[in-house]
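Presented below is the structure to which this report refers.
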Amino acid sequence: MAKQYKYLHPLKYHRDYVAHGVRPDGREFNKFRPVIINASSISTADGSAIAKVGRTTVVCGIKAELCQPKAENPDQGFLIPNVELPPLCSPNYKPGPPSDQAQVTTKAIADVIENSGCISLKSLCICKEKLAWCLYADMICIDHDGAVIDACLIALLTALKTVKLPSVDYNPAIDNKLVNTDEMKPLSINNTPVSTTFAIFDDCEILTDPTHEEENVSTGIITIVIKNEELCSVIKPGGSPISEEDMLSCVAKAIGRGTLITKLIDNAVQETNDEI
């Protein structure tokens, strides 16, 4: 009966729980779900990771290729993220072209990477105007249960920290390049941006780290990005407004969680390095 009630009246189902100060999965309003990170999960990729936030699971694989820099940025390489939300992750997504949500999530991740400056694109340039590294970061969600931006960002940053690029000797006079895989160097990561998503329920209650069901019945979603224990950016695609008091509370929670997630990422990468 409970499953039928939730299916027929999802909003009232959640309101009944919220009225008693608890959520359907048993968490209090300000509790996070557990996070699991596995680094270097794909042997054929130049960098990879799997991140789980509750049941939400994202696999990230990074492939590095040599290319020519853009004319407008002749001394920079590329980091191109792409988020896929296939039918496998949720019945809400259908086969075919990338969904609107996938494109919005990809744009959000790209904006976070640019705003945080977590990686210097200039460090990916080998020879100005001639040769640079292009990093293709593909993030595939295999189980979508809310806060997908958070999981994508964790997987991406973990994967970036596992990337090691070979040294390249390049002679621009004859356009000759020699890739030396015996000399592998890790990427220079300036900081670790961590996002935390909150749901605004019935215009008044703030639910931390919402599930997919909670996101669907909420009146607004806000994602706060932290780097180096400071506010980096805020992602809020419309919906209910949030008071200044609630906003400050969310930022404080995001800062605390950001520190913990950064340690988890570094520990996962270190464990992988120790095994090697």
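Give me the percent of Cα-Cα pairs in region 60-218 that sit more than 20 Å apart, rounded to a whole number.
Numbers: 7200 of 12561 pairs.
Summing the P(r) of region 60-218 above 20 Å gives 57 percent of all pairs.
Roughly how many debye, to the nearest 20, is the charge dipole of the chain about its Cα centre, given +1 on each Lys and Arg Cβ, -1 on each Asp and Glu Cβ, and no other charges? Display every interim value, and only then the final one.
Values: 26 positive and 36 negative charges, 66 e Å.
My answer is approximately 320 debye.
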- Task: Quick one: order Leu157, Leu264 by neighbouring beta-carbon count within 10 Å, fewest to most.
- Result: Leu264, Leu157
- Gained length - Ser188 relative to Glu65, 0.36 nm times residue gap less alpha-carbon distance: 42.6 nm
- Query: If you count, for each residue, the other Cβ atoms within 10 Å and average over each peptide, how do 136-147, 81-92 line up from highest to lowest?
  - Reply: 136-147, 81-92
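Which of Glu245, Glu205, Glu183 has the fewest other C-beta atoms within 10 Å, and how do the rest follow up to the most?
On the way: Glu245 8, Glu205 18, Glu183 12.
Listing Glu245, Glu205, Glu183 from fewest to most nearby Cβ atoms yields Glu245, Glu183, Glu205.
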- nm² value of the averaged projected area, convex hull over the Cα atoms of the chain: 16.6 nm²
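Which of the DSSP-defined H helices in the chain satisfy a minimum axial length of 27 Å, computed from C-alpha atoms, and a minimum mean Kyte-Doolittle hydropathy of -0.5? All intermediate terms of the calculation are to be shown ahead of the outcome.
Details: long enough: 244-275 (46 Å, -0.25).
Going by DSSP H runs, the hits are 244-275.
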- Query: Under 29 Å Cα-Cα from Lys164, which lysines qualify once same-chain neighbours fewer than 8 residues away are excluded?
  - Reply: Lys52, Lys63, Lys70, Lys107, Lys122, Lys128, Lys130, Lys177, Lys185, Lys227, Lys263
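Taking 0.36 nm per residue of separation and subtracting the Cα-Cα distance, what length does fully extending Glu230 through Ser243 add?
Values: separation 13, 0.36 × 13 = 4.68 nm, distance 1.98 nm.
Contour length minus Cα-Cα distance gives 2.7 nm.
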- Dipole of the chain (Lys/Arg Cβ +1, Asp/Glu Cβ -1, origin at the Cα centre): which of Ala132, Ile142, Pro166 lies farthest to the positive side? Ile142
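Values quoted throughout were computed directly from the atomic coordinates according to the rules given, and no laboratory measurement underlies them. Keep in mind that this is a model prediction, so the values were computed, not measured. Cβ atoms come from the backbone with ideal geometry, glycine included; neighbour counts cover every protein chain shown.
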